[in-house]
Amino acid sequence: MNSVILRAAARLLVGLLLVFSVFMLLRGHNEPGGGFIGGLLGAVGFIVYAIACSTDEAREALRVPPEKIALFGLGVALLSGLASMLFSDDPFTGQWLFLGATEDDKGLPLSTVLVFDIGVYLVVMGAILTLVFALEEEI
């Protein structure tokens, strides 16, 4: 498209949608949201940018091919699921690590569940962008 307004607004929307997608990813463990919704919102940001500018510019803004993003996310999700086997638990059993834990405070909880959600985020974002970019280039 040749709309200057749409191009300028798309640049702002990409940033806002990416920040909101990370927010949805991080709040999804205890409340609605998570890796799937976050990945969809992140992909929507780049789809808006591809519609406003072009698919080539959106690929340049992404900097990494979306296929590689999806494959990396799949590896992250798989590794987070297999991490529980190090502790002799069933695969995909959640494991928690508390950073800075003291007797009075639990500390910052980090879990394999969050790592799995990050993997899902990357898989969904990469897969949707691969599909949409391929369809956009066909037209």
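Taking the chain as a Gaussian network of alpha-carbon nodes connected by springs under 10 Å, the highest mean-square fluctuation of the residues G33, G42, G73 belongs to G33. Highest mean packing comes first when the peptides 99-112, 121-134 are listed by Cβ atoms within 10 Å, giving 121-134, 99-112. Stretching S88 away from R27 to a fully extended chain increases their span by 19.1 nm, per 0.36 nm per residue minus the current alpha-carbon distance. Quick one: if the Förster radius is 25 Å, what FRET efficiency do N2 and A134 give, using the C-beta to C-beta distance and rounding to 0.05? FRET efficiency, N2 to A134: 0.60. I want to verify a result. In a Gaussian network model of the chain, Cα cutoff 10 Å, which of these has the top mean-square fluctuation: L74, L16, L40? With Cα springs under 10 Å in the chain, the top fluctuation among L74, L16, L40 is at L16.
Rounded to the nearest 20, the size of the Cβ-charge dipole of the chain about its Cα centre is 340 debye, with Lys and Arg at +1 and Asp and Glu at -1. State the label only: which of (1) 20; (2) 51; (3) 32 corresponds to percent of Cα pairs over 27 Å apart computed from the shown model? For percent of Cα pairs over 27 Å apart, the calculated option is (3).
Think of the chain as having a plus end and a minus end, set by charges on the Cβ of Lys, Arg, Asp and Glu; of F23, A10, F116, A10 sits farthest toward the positive end of this dipole. A helix-only calculation puts the chain at -23000 deg cm²/dmol for mean residue ellipticity at 222 nm, using -39500 (n - 2.57) for each DSSP H run of at least four residues, averaged over all residues.
Bear in mind that the values in this text are calculations on the coordinates, not laboratory data. Note that this is a predicted model, so its numbers are computed, not measured. So basically every Cβ, Gly included, is an ideal-geometry build from the backbone, and we count neighbours across all protein chains shown.
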